[in-house]
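The values are calculated or read from the model by the stated rules, or taken from the named source; none is laboratory data. Quick caveat: nothing in here was measured; it's all calculated off a predicted structure. All Cβ positions, even for glycine, are placed from backbone atoms using ideal geometry, and neighbour counts span all protein chains on display. All accessible areas refer to the heavy atoms of the entire protein, side chains included, with ligands and DNA or RNA removed. Shrake-Rupley method; radii C 1.70, N 1.55, O 1.52, S 1.80 Å.
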Amino acid sequence: MIAYIRGMFAEADGNMVIIETAGGIAYEVAVMQADLDKLPAPGEELKLYTYLQVKEDGVALFGFLSKYDLTFFKLLITVSGIGPKLGLGILSSIGADELRMAVISEDADRLSSAPGVGKKTAGRLVIELKDKIMALTTSFAEEFVESSTEPTAFEPAEKKQLRENALQVLVALGYGQKEAARAVKEVEITDGMTDDEMVRLSLRKL
């Protein structure tokens, strides 16, 4: 398994990126549109987190600038009928955060707006991914509460729980993980604060 590739960004052709490593080996990696727009200048260093597809007629690499996007890509290709190329196309069209929200809210129309995704495929995405994405969202929320609220590490457990609950709500509303974590971190929790109040104050920070 190739976890990631780091080397010199040589060139891009369509959605294919070529990275040359220090050993002189050049890898061709398929990337999504959003990452194409963030590539460095040729000759500069580039790191992509990768998924290796092994087929009878060859192998293919799919790369992402963030582990977050790679995680959702791997979830997508667990759905029956969705291979790596289609999974990459879906993420290129609607992005990981919008995919998460569409699945959680069972918005089949939004999902089917992605190229190659019909109503039946959109339905499978909801059925097969909703529970997985909900669990993943909770996991991300817990991780970001621990890492992004460091100055409040010695808060009482009930205050930490308020932050975690608010973070999960913001993520479910469609805000990005880091953006939501920053907002939650900035709220000063007072005695007797409720979950609703915590969420409202966090939203004001966004």
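Summary of values
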{"item": "Any chance SER105 is without any contact (Cβ under 8 Å) to a residue 12 or more places away in the chain, open to solvent by 20 Å² or more (accessible area, probe 1.4 Å) and either in contact with a Cys (Cβ under 9 Å, 6 or more places away or on another chain) or hydroxyl-bearing (Ser, Thr, Tyr) (or both)", "result": "yes"}
{"item": "Condition met for GLY23 (small (Gly, Ala, Ser), outside any helix (DSSP H, G or I) and on the phi > 0 side of the Ramachandran plot)", "result": "no"}
{"item": "Members of segment 30-74 found to be farther than 29 Å from ALA135 by Cβ and open to solvent by less than 40 Å² (accessible area, probe 1.4 Å), listed by number", "result": "LEU36, LEU39, PRO40, LEU46, GLY58"}
{"item": "Residue, nearest to GLY95 (Cα to Cα), within segment 26-52, restricted to residues that are small (Gly, Ala, Ser) and either assigned to a loop (DSSP other than H, G, I, E, B) or at pLDDT below 95 (or both)", "result": "ALA34"}
{"item": "Total residues in segment 166-200, condition open to solvent by 50 Å² or more (accessible area, probe 1.4 Å) and either outside any helix (DSSP H, G or I) or in contact (Cβ under 8 Å) with a residue 24 or more places away in the chain (or both)", "result": "14"}
{"item": "Residue selected from segment 75-93 under the condition within 14 Å of LEU125 (Cβ to Cβ), outside any loop (DSSP other than H, G, I, E, B) and not hydrophobic (A, V, I, L, M, F, W, C), by the criterion most open to solvent (accessible area, probe 1.4 Å)", "result": "SER93"}
{"item": "Number of the exception - ALA3 against (1) closer than 19 Å to SER93 by Cβ; (2) open to solvent by 50 Å² or more (accessible area, probe 1.4 Å)", "result": "(1)"}
{"item": "Scan of segment 57-91 for residues that are under 20 Å from LYS47 (Cβ atoms) and basic (Lys, Arg), ordered by number", "result": "LYS67, LYS74"}
